[in-house]
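Reviewing the structure listed below.
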Amino acid sequence: MRPPEDYTRVEVRGVALNTRTIAMLQHAQTLYGGSIDMTNQGITQGSYNAGGVALSFGTHDGGGAVDISVRDLPHSWDIRWEDIPRMIDALRRAGFAAYYRDEADGMSPHIHAIAVGDADLSRAAALQLTGRYGYFRGFDALPQPDGVPQPDDSGELILCNWMRELGYEDLREAVTLYTPPYEFIVGELYQINMTWGQELNMRSGPGLAFPVVHRLPHEIEVTMVDGPRRSDGFTWWLVRLTDGTLGWSVDAIDGALTIVR
C-alpha cells in the first residue's frame with residue numbers, strides 16, 4: 001500500500017514524525033498484530049531530531065526515520081525476541097528499510113527504520129537506502145572501518161511496486177569490483193594498502209559472513225597463501241602475518257587495490 005504524500009509534522013510522545021511515517025507505522029502495526037505498540041508507546045526516537053543522538057549518524061536529522069523498542073513498553077522491560085522478526089517483516093512490508101540493532105552495534109536493542117521514498121529524508125538516511133552500505137544493495141546500512149559492507153541479516157529485501165515507481169530498484173546485483181591487472185603469487189610478500197587511519201578486515205573464511213579475526217593497518221606486510229575465491233561480490237585471498245596469523249581479505253574496494261606489491 002503506497003503511503004500518503006503528507007508531510008505534516010505531528011508530535012507523538014514528545015518526538016516528531018510526519019503524517020506519512022505515521023501512516024506507514026499504522027500499516028506495519030496491523031501487519032504485525034503483536035503487543036508492542038509501534039505507533040506510540042514503542043517509539044524511542046523520531047524524526048527531525050538534528051544532533052539528538054550521536055550514534056544515529058544524522059539519519060534522524062530529517063523525516064522518515066524512527067527507532068522502535070523491542071520491549072513491550074510500558075508493561076515490561078523484557079526483550080520480545082520472538083516478535084523482532086515479525087516486527088521487521090511488517091515494517092519492511094509497510095515500506096521501511098528496517099534493521100535490528102543491539103550492543104554488537106554499540107547501541108541499546110531496538111529496531112531502526114527508514115521510510116522509503118520520504119521526501120524529507122536526511123542525506124545520511126537516504127544513503128542507508130541506496131548508498132554503499134544501503135538496504136537496496138543488500139547490506140546492513142552501517143559504515144565499516146575497512147569499507148567492506150556487511151550483509152543484511154535482519155530480513156528479506158522487499159521492493160514494492162510503488163517503490164519502483166519512485167525510482168528504487170534492487171541493487172544487489174549492481175555491486176561490481178575492480179579486477180587487479182595481475183595475479184598474486186603464492187609465497188610472495190605484499191603490503192596492505194589502506195587510507196591512513198583505516199584498517200582492512202581479515203576474516204576466518206572467504207566471505208562477509210565469516211567473523212573478523214584481525215584488522216590489518218596500512219603498509220603491514222603479509223604473505224600470500226591461497227586464493228582467489230569469489231564471494232559476496234569481492235575477490236578474497238588467504239594471507240599470513242609475520243606472527244603466523246592466517247585469514248582472508250579482499251584485494252580491492254571500490255576499484256582501489258587493498259593488497260599491493
Assign one of three labels to the stretch 1-104, namely rounded, prolate or oblate, based on the Cα gyration tensor with a ≥ b ≥ c the square roots of its eigenvalues; rounded applies when a/c is under 1.5, prolate when it is not and a/b is larger than b/c, and oblate otherwise. oblate
What does the C-alpha gyration tensor say about the overall shape of the stretch 51-147? Classify as rounded when a/c is under 1.5, otherwise prolate if a/b is larger than b/c, or oblate. prolate
Reduced to Cα centres, the span from the stretch 202-240 to the stretch 1-70 in Å works out to 39 Å
Rounded, prolate or oblate for the chain? Axes are the square roots of the Cα gyration tensor eigenvalues, ordered a ≥ b ≥ c, and the cut-off for rounded is a/c under 1.5. prolate
Along the charge dipole of the chain, Cβ charges K/R +1 and D/E -1, which of Ile68, Asn18, Ser249 sits furthest on the positive end? Asn18
About its Cα centre, what dipole magnitude does the stretch 9-174 give when the only charges are +1 on Lys and Arg Cβ and -1 on Asp and Glu Cβ, stated in debye to the nearest 20? 420 debye
I need the peptides 151-163, 113-125, 204-216, 131-143 ranked by packing, meaning the mean over residues of other C-beta atoms within 10 angstrom, with the highest value on top. 113-125, 131-143, 204-216, 151-163
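Tell me, in nm to one decimal, what length is gained between Arg2 and Ala256 on full extension, where the rule is 0.36 nm per residue of separation less the Cα-Cα distance?
87.5 nm is the gain from fully extending Arg2 to Ala256.
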The rounded separation in angstrom of the Cα centers of the stretch 111-129 and the stretch 80-100 is 16 Å
Per-residue HN-Hα couplings for the stretch 134-142, Karplus 6.51 cos²θ - 1.76 cosθ + 1.60 at θ = phi - 60°, whole Hz, x for Gly and Pro? x, 4, 6, 9, x, 10, 8, 6, 10
The stretch 9-174 - percent relative contact order, Cα under 8 Å, separation 6 or more: 18 percent
Amide hydrogen neighbours beyond the local backbone of Val225, cut-off 5 Å, H modeled: Gly187, Leu238, Val239, Arg240
Run through every distinct alpha carbon pair of the stretch 189-260 and return the Kirkwood hydrodynamic radius in angstroms, one decimal place. 11.8 Å
Label point 7 Å beyond Cα of Leu189 along Cβ direction - residues of the stretch 228-257 with amide nitrogen under 11 Å: 242
Compactness index (Cα Rg / 2.2 N^0.38 Å), the stretch 132-261: 1.15
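Calculate how many DSSP beta bridges within the chain are antiparallel, expressed in % of all such bridges and rounded to the nearest 5.
DSSP beta bridges in the chain are roughly 100 percent antiparallel.
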Would you mind checking which residues have amide H under 5 Å from Asn49's amide H? H placed 1.01 Å from N; only 5 or more apart, or other chain. Asp61, Gly62
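Every number in this text was worked out from the coordinates using simple rules, so none of it is lab data. This one's a predicted model, so the numbers in the text were calculated from it and none came from an experiment. Using ideal geometry, Cβ is built from the backbone for each residue, glycine included, and neighbour counts are taken over all protein chains shown.
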